[in-house]
Amino acid sequence: MKPSAPTSAVAVAEPGVGHAPAGPPPAVAFHPARPARPRPTAYLRLAKLGMVDYYLSLIVVVSLLPASGAGVLGASSWATLAAFLLGELCLVGAAVAYDDITGYRDGSDAANYGTDAAVRRLARKPLLAGTLTEADALRFARAALAAGVLCWTAALALAPHRPLWAVLGVAAAGLLVPQYSWGLRLGYHGLQEVFLAAVGWAFVLPLYGEHLR
């Protein structure tokens, strides 16, 4: 479980002037600091594109196909692989963005990175670094999730074969992957390693099944 958010407050002190003001002070609107227009690199860091482990699933699938007797891959197979990879990128990007939002809201990222920002590479957490706002991150996560669903829908439409178990596997992965620390918060129930391993299998088996006769 991530720790509860630490209490924080901003104290604004105003020195006394020695006498009561003649009237109520004018209202001052407070606007939280917001970065200028977010740079694309901030969104790339939010998506954690450096975590390439899951994207190696395509290499695993392609390496297995000759042994299955599927033969040389045709145009529909390559199109399916490309659409599936794009879907993976989007869905993982949505999942890690939601995870950053959760960690930002409950204070766990601030607790984990605040005392060791240089070593932990604070830039990888654009919400903490101030290069993105929470609203920016939410928009990105929702757009990435929608794009991932569309890409995997296209992958199913392009697939050479669509066994029911593979279709259900794609649908289940698309539904559950973004909910590691959002929605159902599956990573909060003590089986984080099992969940992460299951995601790896979900990125291999359904795609492999889409090429089996």
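Can you give the extra length, in nm with one decimal, that the chain gains between ALA123 and LEU73 once fully stretched, where that is 0.36 nm per residue apart less the Cα-Cα distance?
14.0 nm
Quote the FRET efficiency, to the nearest 0.05, computed for TYR188 versus VAL60 with a Förster distance R0 of 41 Å and r equal to the Cβ-Cβ distance.
Once rounded, the FRET efficiency stands at 0.90.
Using θ = phi - 60° and the Karplus curve 6.51 cos²θ - 1.76 cosθ + 1.60, what whole-Hz ³J(HN,Hα) does each residue of the stretch 104-113 get, with Gly and Pro shown as x?
6, 5, 8, x, 5, 5, 4, 5, 7, 9
Report the gain in length on full extension from ARG142 to ASP53: 0.36 nm times residue separation, minus Cα-Cα distance, nm rounded to one decimal.
Extra length from ARG142 to ASP53 when fully extended: 29.8 nm.
Send over a whole-number figure in Å² for the accessible area per residue of the stretch 80-174, probe 1.4 Å.
Each residue of the stretch 80-174 exposes 43 Å² on average to a 1.4 Å probe.
Calculate one ³J(HN,Hα) per residue across the stretch 50-64 by plugging θ = phi - 60° into the Karplus curve 6.51 cos²θ - 1.76 cosθ + 1.60, and present them in order as whole Hz with x for glycine and proline.
For the stretch 50-64, the Karplus-derived couplings read x, 7, 8, 3, 5, 6, 6, 4, 5, 5, 4, 5, 4, 5, 7 Hz, x marking Gly and Pro.
Go through the stretch 114-213 and name the GluC sites (Glu not before Pro) that are in a DSSP coil and have 12 or fewer other Cβ atoms within 10 Å of their Cβ.
When the GluC sites (Glu not before Pro) of the stretch 114-213 are filtered for loop state and at most 12 Cβ neighbours within 10 Å, nothing remains.
Which log10 I(q)/I(0) values does the stretch 151-213 give at q = 0.15, 0.20 Å⁻¹ under the Debye formula, counting every alpha carbon as one identical point scatterer?
-0.48, -0.75
Which length gain, in nm to one decimal place, applies between ASN112 and LEU196 when the Cα-Cα distance is subtracted from 0.36 nm times their residue separation?
28.2 nm
The values are calculated or read from the model by the stated rules, or taken from the named source; none is laboratory data. What you see is a predicted model; the values in this text were computed from it and never measured. Positions of Cβ are generated from backbone atoms using ideal geometry, with glycine treated the same way; all protein chains shown enter the neighbour counts. Heads up: the accessible areas ignore ligands, DNA and RNA and are worked out on the full protein's heavy atoms, side chains in. Shrake-Rupley method; radii C 1.70, N 1.55, O 1.52, S 1.80 Å.
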